[in-house]
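This report refers to the structure that appears directly beneath it.
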Amino acid sequence: MSLKKWKKMFFSILLILTGISLFALTEWVLHIFHLGEEYALVEEVEIYHKPYYRINRKFPEKYFRNRKTAPEFRDELIPRYKETAEKRILVLGGSTAFGFPYSYNITFPDMLEGLLNRGDPDHVWNVINLATSAINSYSVSDILQHSSVLEPDALILYMGHNEFYGAFGSASSERGFTSYILTHLIMKLRQTYLFQALLKGVNRALPDETTEGSLMARVVRERQIPYGSPLYLKTRLNYIKNLHRICKTAEKMGIPVYIGTLTSNERSQIPFASDFQDEALDQVSLYKEFTFFRDRHDTTGVEMWLKDMELWEPQSALLAYCKGKYHEWQGRTDSASYYYVLARDLDVLRFRAGSDWNVAIRQFARENDWICVPVDEAFHEDSAPHAPGENLFHEHVHPKENGYMLMAETFYKSLESSGFYQTKIPYNVIKSDFEAHYPLTPFELTVGELTIKKLMSRWPFVSDNQLFTFKPSNTTEHYAWEYLNGNISWGKANQSLIDYHLNRKETGLAIRYVNSIRAVLSYEAGPVIQLVHILLDENRPDEALQVLKKTDERLDDPYLWFLEGSVYMNRFEYDFAIYALNRTRRIVLRNQSIFPHEKIAQLYHLLSKALIITGRMDEVEVVKKEAEQKFQLNIDLDSLKNGS
C-alpha cells in the first residue's frame, strides 16, 4: 500500500476516533449535570423494609415528541428477589392490553392473574402489565429488551392495531418512518442525552404540538391508506420484522411467547373512512340514506341503493359494511360476517388491524414455536351467530368488561393447554370463585363508560369535535366524574365510596371497593386492616381470619399480626394467638412508630394473658419486665390469673 493511502486511512481512523471521543465526552458532561432522561424501565424502592422494583411509568415518554401528553405505564410493584414459587408473565402491547378505558382492575392481565392464582394456590402468579396506549411493535420490541431484570417466565403479546398510527408508526405524526433500520436507530439514539438535547432544540424550532383532541387524533399523519398500497404492505412487513426481533430477545431470555390474534368491533363500527373514487361523496350522508331505507323495511330501496354503490364505488368500505347490514337484516349471518370483515379490511383510516395481520401472526407463530392464542375466534364464538360488535366492544377495538374477561379466559386456556400452567381445579369452579370475589366495582365501570363517551365525542367518531359535558345523577357518577377531571385521586374516590356504602349499611358493596383498593395496592396493609375491621364489625370472624392468614407473612405488618392474635384469643386458640402477638411485639420493639401507641398496652395485656393460660410463666415474666422497661406499662399478673 502506498504512503498516500496509508495517510488517508490514518486520518480517516483519527477522524472517526475524534468523533467518538467528542460524543462520549459530551454525553458524559450531560450526564454529570443531569441534562437528560435515563429512561430506566424500573427503579429500586423499599416499602416496609422490603425491596421492590417499581415500573417507571414515564418510560414510554421516549417514544413521543410531547412528553407532557405521552401515555404512561400502569404503576406496578414487583418483588426485587424472585421467590421459588413465584411465576412471572409479562404482557406487552397497546391500549387494549393496557386496559383502556378503565382505570384499574378491569384489564385482561389483572383478570388473568386472578384466574391463575385461584387455579394454582401452590404458586404466586404475577402478571406484569407493560402495555400502554399508542405504541406498536417497534416500542414493544424495545421494552422487551429492557425487561430481563424482571426475570419473566413467559411473554404475552397482544399488538397490531397501532402499526400505522402508534409511536414510530408508518403513518403516525410521532415520527413515523417506513425504514425499519432507521426507526430502530432513532429509538436507540433516544436513550442518549446528546440526542435528547438535539431533539429538544428541534422541537423548539417546530410549531407547538396541539394538546387538544384525543390521542387518536394527535397521532394521525395520513388518513388514507388503501388496502394493498405500498405503505400498507411495507407496514405489514415491518410488523413481521419486529416479530423476528422480539423472537430473538425472547430466545435469549429463554421464555415461551404467547401471541394473541387481533379482534375488533366488526358489526357495530361503521368504517372510519372509505376510499371513494368520487372525492365529493360523503360517507355519513350515504350511510344515512342506507339506514333510511332499512329502518323503513324498504327492501327495494335498500337493494337499489346497494346496486348504485356497486356501480360507482365497488371497492369502498362503506359498501361492504352496508352489505353486511343487509345480509344480517335478511337473516344471512354468515354472509353478513364476511362483509363486516371486508369492510374493516377496506377501512382506509387504519385504527383496526386487518385480516392480513392475523394471517401474519398465525404463520409466524407456527414457524417460530410460539403459541398462537385465538382471541379473534373466541370473540366470534361468543358473538355467534353474529360478528363481534357492541356486545363485547365499547367502540372500534376496546372491549367492555365482559370482553376483557373473555380475553383473560382465552389466554388462560392457552397457558394451560400448552402445559406451561397446571391445575387440578375445574375451570368452571375457578371462574365461579373469580366472579364472586373479583373487585369489579360500579365506579370502575362508570369511569370506563364516561371515558368512552368523551372519546366518541371527538374525531374520528364524529367529523367535528364536540364539547363533552356530563351531569352526575348519583354518588358513583359524582366521584367518577371528579376523578376523570383530576379533582380527586383514585384512592380517595374509592375510599369515599367505601364510607358512603358503609353509612348506608351496604356492606357488600363497601367490601368490593376495599378489595378493589387491595388489588391495586397489594403491598399496603391499610386496605387489609380496613377489610378485617368491616368483617369483624359484621360478626364474620372466620372470614376475617382467612384474610389475615393470606396476608400476614407477605405484608408482615404489626397491626395485622395484632388483629390476627386478637381473633385467635376470641376463638380460644391461644398458641396461635401467642405466635401472632409475639410477631407484633418483635416488630414494635424494632420500630415503635409503625404501631398505634394506644394499642401497645392491649398487646402486652393479651400476650400475657395467653401465656398465663397456656402455663408459660417464665415467658410471662420476660414480657412483664419488657413492658415495664420499654413502655412503662404495669402488667397486673394477678388480675390476669383470676381471669379479668
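The values are calculated or read from the model by the stated rules, or taken from the named source; none is laboratory data. If you're wondering where the values come from, they're calculated on a predicted model, not measured in any experiment. Methodologically, a virtual Cβ is constructed for each residue, glycine included, from the backbone with ideal geometry; neighbour enumeration extends over all protein chains shown. All accessible areas refer to the heavy atoms of the entire protein, side chains included, with ligands and DNA or RNA removed. Shrake-Rupley method; radii C 1.70, N 1.55, O 1.52, S 1.80 Å.
Of PHE276, PHE100, the residue with the largest accessible area leads and the full order is PHE100, PHE276 (1.4 Å probe).
Take GLU482, project a point 7 Å from its Cα along the Cβ direction, then tell me which residues of the stretch 422-453 have their backbone nitrogen under 20 Å from it. Under 20 Å, as judged by backbone N against the label point of GLU482, lie 441-451 of the stretch 422-453.
Calculated from the alpha-carbon coordinates, the stretch 334-437 shows an Rg and a Dmax of 15.8, 48 Å respectively.
With q set to 0.08 Å⁻¹, the log10 of I(q)/I(0) for the chain, from the Debye formula over equal scatterers at the Cα positions, is -0.72. Does the stretch 291-335 classify as rounded, prolate or oblate by the C-alpha gyration tensor (a ≥ b ≥ c root eigenvalues; a/c under 1.5 gives rounded; else a/b over b/c gives prolate, otherwise oblate)? Oblate shape, in that a/c is at least 1.5 and b/c is the bigger or equal ratio.
Derived from the Cα gyration tensor, the three semi-axes of the equivalent ellipsoid of the stretch 392-466 are 34, 16, 7 Å, largest first. Charge tally around GLU313: other residues with Cβ under 10 Å, Lys/Arg +1 each, Asp/Glu -1 each, net -4. LYS323 exposes around 40 Å² of accessible area when a 1.4 Å probe is run over every protein chain in place.
Where in the stretch 546-625 are there trypsin sites (Lys or Arg not before Pro) that are in a DSSP coil and have at most 13 other Cβ atoms within 10 angstrom of their Cβ? Intermediate results must be reported in sequence, preceding the final value.
Details: sites: LYS549, LYS550, ARG554, ARG571, ARG583, ARG585, ARG586, ARG590, LYS599, LYS609, ARG616, LYS624, LYS625; in loops: ARG571, ARG616.
Passing sites in the stretch 546-625 are ARG571.
Cross-link pairs exceeding 24 Å between alpha carbons, from the set LYS248/LYS431; LYS68/LYS188; LYS50/LYS630; LYS599/LYS630: LYS248/LYS431; LYS50/LYS630. Between the amide H of LYS87 and those of VAL124, TRP125, ASN126, distances stay under 5 Å, these residues lying 5 or more places away or on another chain, with hydrogens modeled in the peptide plane.
Taking the Cβ of LEU116 as the center, what net charge do the other residues with Cβ under 10 Å away carry, scoring Lys and Arg +1 and Asp and Glu -1?
Numbers: positive: LYS87, ARG118; negative: GLU113, ASP120, GLU416.
Once positives and negatives cancel, what remains is -1.
Between helix 108-119 and the chain there is an angle of about 50 degrees, using the helix long axis and the longest principal axis of the Cα atoms.
These residues, TRP312, TRP125, go from largest to smallest accessible area, 1.4 Å probe, as TRP312, TRP125.
Provide the percentage of antiparallel DSSP beta bridges, counting only those with both residues in the chain; round to the nearest 5. Walk me through the numbers on the way to the answer.
Details: 11 of 28 bridges.
Roughly 40 percent of the DSSP beta bridges within the chain come out antiparallel.
Count Lys and Arg as plus one, Asp and Glu as minus one, and take only other residues whose Cβ is under 11 Å from that of VAL220; the net charge is then +2.
With N the number of residues in the stretch 225-312, Rg(Cα) / (2.2 N^0.38 Å) evaluates to 1.73.
In terms of the Cα gyration tensor, with a ≥ b ≥ c the square roots of its eigenvalues, is the stretch 368-498 rounded because a/c is under 1.5, prolate because a/b exceeds b/c, or oblate? Don't skip to the end; give the middle numbers.
On the way: a/c = 2.63, a/b = 1.50, b/c = 1.75.
Oblate, because a/c is 1.5 or more while a/b does not exceed b/c.
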